[in-house]
Amino acid sequence: MTDADLLVPLLECLPEAVVVADRRGRILKFNSGASRLLGWSSSEAMERLRTPELYADVADARAVMVRLRQRTAGLPGAAEPMNVDLRSRDGSRVPVRLTAAWIRDGNEVVGTVGAFADQRPYRAMEERLRLATELVANRERRVEATNIGPRMASELAQPVTAAMAHLDLAVETGDLPEVAEDRVMQALEQLERVRSIVHDLTRMSTHWKT
């Protein structure tokens with residue numbers, strides 16, 4: 001039994017998508033995990049695709065090759081894991097975590113192997129966490145508004161009512177010049193608006209509490 005005889009069933013057992021290609025990018029192995037991830041059958045991928053066409057962005061394909069050449073993991077021709085987007089058969093973008101390495105025959109590079117872990121479940125979880133965080137923050141703001149509203153209404157209501165009473169008394173005495181009386185009436189109108197706002201604030205605070 002050869003190494004290749006052992007490699008093929010091993011690749012099929014892996015849950016990750018695994019793609020093996022020669023040095024020109026022609027796909028030699030496209031395991032079932034890759035088929036599930038991207039929608040291409042193994043035979044279709046090997047017949048129709050090259051590795052750069054798997055990526056949603058050409059820049060990502062170049063970046064992988066650059067990392068392989070840089071030997072960023074400290075191993076001969078092994079790239080540190082990186083996040084990239086692949087392009088599925090239906091054209092949608094698939095975020096993955098990629099690990100790649102050269103395949104060597106002695107000192108000669110004969111191809112590449114890449115393993116792709118689907119990141120969509122993690123992205124979905126991150127989105128749920130973000131929404132949950134926003135929900136908690138909104139609830140906290142509503143609670144704060146509920147606490148502030150009645151206090152503000154109480155603090156505003158008393159001086160507004162007192163000011164209106166004094167102005168009403170000044171008008172009722174009839175001692176004000178006509179110009180001053182007009183201004184007092186305008187002030188009373190504005191204070192009435194403030195009192196209405198205070199009333200609405202109190203009502204809304206009660207609604208928020210409910």
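Across the range 9-63, the number of residues qualifying as among the acidic types (Asp, Glu) and over 17 Å from residue 119 (Cβ atoms) comes to 5. Here the condition is being hydroxyl-bearing (Ser, Thr, Tyr) and at pLDDT below 90; of 2, 51, it holds for 2 alone.
Give the range 154-194 a look and list any residue that's within 30 Å of residue 139 (Cα to Cα), surrounded by 15 or more Cβ atoms within 10 Å (Cβ to Cβ) and either at pLDDT below 75 or of a type in the set (Ser, Thr, Tyr) (or both), or say none.
Pass one, the range 154-194, residues within 30 Å of residue 139 (Cα to Cα): 154-158, 193-194.
From what is left, the residues that are surrounded by 15 or more Cβ atoms within 10 Å (Cβ to Cβ) are 156-157, 194.
Once the filter is applied, which keeps residues that are within 30 Å of residue 139 (Cα to Cα), surrounded by 15 or more Cβ atoms within 10 Å (Cβ to Cβ) and either at pLDDT below 75 or of a type in the set (Ser, Thr, Tyr) (or both), the range 154-194 yields 156, 157.
Applying a threshold of 8 Å to beta carbon distances and a minimum spacing of six or more residues, or different chains, the list of pairs starting in the range 184-199 at a residue that is of a type in the set (A, V, I, L, M, F, W, C) and ending at one that is surrounded by 12 or more Cβ atoms within 10 Å (Cβ to Cβ) and not in a helix (DSSP H, G or I) reads 184/176.
With respect to residue 59, is the statement that it is over 26 Å from residue 12 (Cα atoms) and at pLDDT 90 or above true? Working first, answer last.
Values: over 26 Å from residue 12 (Cα atoms): yes; at pLDDT 90 or above: yes.
Here the answer is yes, as residue 59 does meet what is asked.
Taking residues in the range 57-68 that are within 17 Å of residue 93 (Cα to Cα), and partners anywhere that are of a type outside the set (Val, Ile, Thr) and assigned to a helix (DSSP H, G or I), the pairs with Cβ atoms closer than 8 Å and at least 6 places apart or on different chains are 58/52; 61/52; 61/54.
Taking each residue of the range 16-37 that is surrounded by fewer than 16 Cβ atoms within 10 Å (Cβ to Cβ) and looking for partners that are among the charged types (D, E, K, R) and in a strand (DSSP E or B) with beta-carbon atoms closer than 8 Å, six or more apart or interchain, yields 24/50; 26/50; 28/22. Of the numbered criteria (1) in contact with a Lys or Arg (Cβ under 6 Å, 6 or more places away or on another chain); (2) surrounded by fewer than 17 Cβ atoms within 10 Å (Cβ to Cβ), the one residue 40 fails is (2). Inspect all residues belonging to the range 64-79 and state whether any of them is at pLDDT 90 or above, assigned by TED's automatic domain parsing to the domain that holds residue 15 and either loosely packed, with under 14 Cβ neighbours inside 10 Å or more than 19 Å from residue 25 (Cβ to Cβ) (or both). Within the range 64-79, none of the residues are at pLDDT 90 or above, assigned by TED's automatic domain parsing to the domain that holds residue 15 and either loosely packed, with under 14 Cβ neighbours inside 10 Å or more than 19 Å from residue 25 (Cβ to Cβ) (or both). Do you know which of the residues in the range 96-134 that are assigned by TED's automatic domain parsing to the domain that holds residue 11 and of a type in the set (Val, Ile, Thr) is farthest from residue 65 (Cα to Cα)? Applying the filter and picking the extreme gives 96.
Yes or no: the range 88-95 includes at least one residue that is in the same structural domain as residue 60 (by TED's automatic domain parsing), within 45 Å of the chain's Cα centre (by Cα) and either at pLDDT below 70 or surrounded by fewer than 10 Cβ atoms within 10 Å (Cβ to Cβ) (or both). Even if it seems obvious, please write down each step before you answer.
If we filter the range 88-95 for residues that are in the same structural domain as residue 60 (by TED's automatic domain parsing), which is where we start, we get 88-95.
Filter once more, so that each one left must be within 45 Å of the chain's Cα centre (by Cα): 88-95.
Checking the rest, the ones that are also either at pLDDT below 70 or surrounded by fewer than 10 Cβ atoms within 10 Å (Cβ to Cβ) (or both) come to 90-91.
Yes - at least one qualifying residue is present in the range 88-95.
The values are calculated or read from the model by the stated rules, or taken from the named source; none is laboratory data. In this text, all values refer to a predicted model and were calculated from it rather than measured experimentally. For neighbour counting, all protein chains shown are included, and Cβ atoms are generated from backbone atoms with ideal geometry for every residue, glycine included.
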